[in-house]
1. Check whether at least one residue in the stretch 155-169 is part of a loop (DSSP other than H, G, I, E, B) and in contact with a strand residue (DSSP E or B) (Cβ under 6 Å, 6 or more places away or on another chain), and report yes or no.
2. Restrict the check to the stretch 15-33 and report whether at least one residue is outside the structural domain of residue 333 (by TED's automatic domain parsing), over 21 Å from residue 384 (Cα atoms) and in contact with a helix residue (DSSP H, G or I) (Cβ under 8 Å, 6 or more places away or on another chain).
3. Would you please name the residue that is farthest from residue 202 (Cα to Cα), looking only at residues in the stretch 315-341 that are surrounded by fewer than 24 Cβ atoms within 10 Å (Cβ to Cβ) and in contact with a strand residue (DSSP E or B) (Cβ under 6 Å, 6 or more places away or on another chain)?
4. Search the stretch 200-216 for residues being under 15 Å from residue 255 (Cα atoms) and touching a strand residue (DSSP E or B) at 6+ places or on another chain (Cβ under 9 Å), and hand back the single one that is surrounded by the fewest Cβ atoms within 10 Å (Cβ to Cβ).
5. With 111, 76 as the choices, which residue is farther than 22 Å from residue 334 by Cα, assigned to a helix (DSSP H, G or I) and free of Cβ contacts under 8 Å to residues at least 24 places away in the same chain?
6. Please return the ranges of strands (runs of 3 or more DSSP E) entirely within the stretch 19-63 where 3 or more residues are touching a residue at least 60 places away in the same chain (Cβ under 8 Å).
7. Residue 235 fails exactly one of the following numbered conditions: (1) buried (at least 24 other Cβ atoms within 10 Å of the Cβ); (2) part of a helix (DSSP H, G or I); (3) in contact with a helix residue (DSSP H, G or I) (Cβ under 6 Å, 6 or more places away or on another chain). What is the number of that condition?
């Protein structure tokens, strides 16, 4: 099958591409990139005037819940949600039941994902056996199975000596440690950011220091060991400052934040909406603004969703009792475009870097980009098309989005991955918005 995408804005900042033109895909590869492409023979033309074509997005922080909590998400529905959000690849976290801490469990995730279409799922293995924080998992087996990183995400590795040894061991396999920085002796029992708003709402707070102490410890251990450290879900101004200082010292550290931390603040919890409860929690407007600057400057080089599905029955309860976590895959790009790009806090090329080449670099995957001869992995979107977030139309099995009812700009118009084209359809034409072709 051949596709000719006409008159799109071709945008690939990592390869210095930002121009209007056509792009031809043949046999799953980018055959030609140019101004106006003329070809003979049968071809499917896509008129993309006013749209933008970029490398497909990569999310390196996703919870797919399978095995163990398939009522909240399955690998199949997670892959569909990723496609709906413009993602060509995701890294799934190991806090499943049982944890992804063996070669067999890593292979299960990869092979199950391959059943459902071309969106890649790269698992992260657990740092410790069963994610109990007591003994290191067999890192070599995990990597041989296909793990691209290790993490105990959802919990920190509280034992500093164990974390040091994990960082040292990871060097043998050239993979990063993805750290969930949290001092649970400080955060225990908290449900939102500690501050004026938590006092007003009568909810127990989580101090920013709980996260910042975790970041500081792990940065020091990375310096001691020489291992690569990636700091997950940075939510505070000082957390970003710690990452900046570490980079200035030449440490092999990278960092991420999530769309909700740069779009929302703890003030949005005035209505006790459990769909805005996550860990780490929403912080202050000062933190939000600092994170925006950290993304713009490259201190944080990754936008990652921390996509965390929960069943409706779990979230529809008292705020104190509801689980932490929000959805992100299907709204990530639109949230970033609406809250950061359109107001001028971040340029569109910078956002695309943070959602493509940035995350690829963290996990050591090739940034395919818009380059002739390479496999096609492309996302087409319309920055001017807006829609109201309707959780009932999500591909995810869960509905716990903090952006329900909000009008967001940035509609994903389709994905081109290898020889597959994935495009939205109208609700009356299908039960799903992004039906994925099965891999034969």
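The values are calculated or read from the model by the stated rules, or taken from the named source; none is laboratory data. What you see is a predicted model, and the numbers here were worked out from it, not measured in a lab. Positions of Cβ are generated from backbone atoms using ideal geometry, with glycine treated the same way; all protein chains shown enter the neighbour counts.
1. The answer is no, given that none of the residues of the stretch 155-169 is part of a loop (DSSP other than H, G, I, E, B) and in contact with a strand residue (DSSP E or B) (Cβ under 6 Å, 6 or more places away or on another chain).
2. No, the stretch 15-33 contains no residue that is outside the structural domain of residue 333 (by TED's automatic domain parsing), over 21 Å from residue 384 (Cα atoms) and in contact with a helix residue (DSSP H, G or I) (Cβ under 8 Å, 6 or more places away or on another chain).
3. 337
4. 214
5. Of 111, 76, the one residue that is farther than 22 Å from residue 334 by Cα, assigned to a helix (DSSP H, G or I) and free of Cβ contacts under 8 Å to residues at least 24 places away in the same chain is 111.
6. Those strands (runs of 3 or more DSSP E) span 29-34, 52-55, 57-62.
7. Only one criterion is unmet by residue 235, namely (2).
Yes or no, residue by residue, for (1) closer than 22 Å to residue 362 by Cβ; (2) in the same structural domain as residue 167 (by TED's automatic domain parsing); (3) more than 17 Å from the chain's Cα centre (by Cα):
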residue	(1), (2), (3)
247	yes, yes, yes
259	yes, yes, no
323	no, yes, yes
336	yes, yes, no
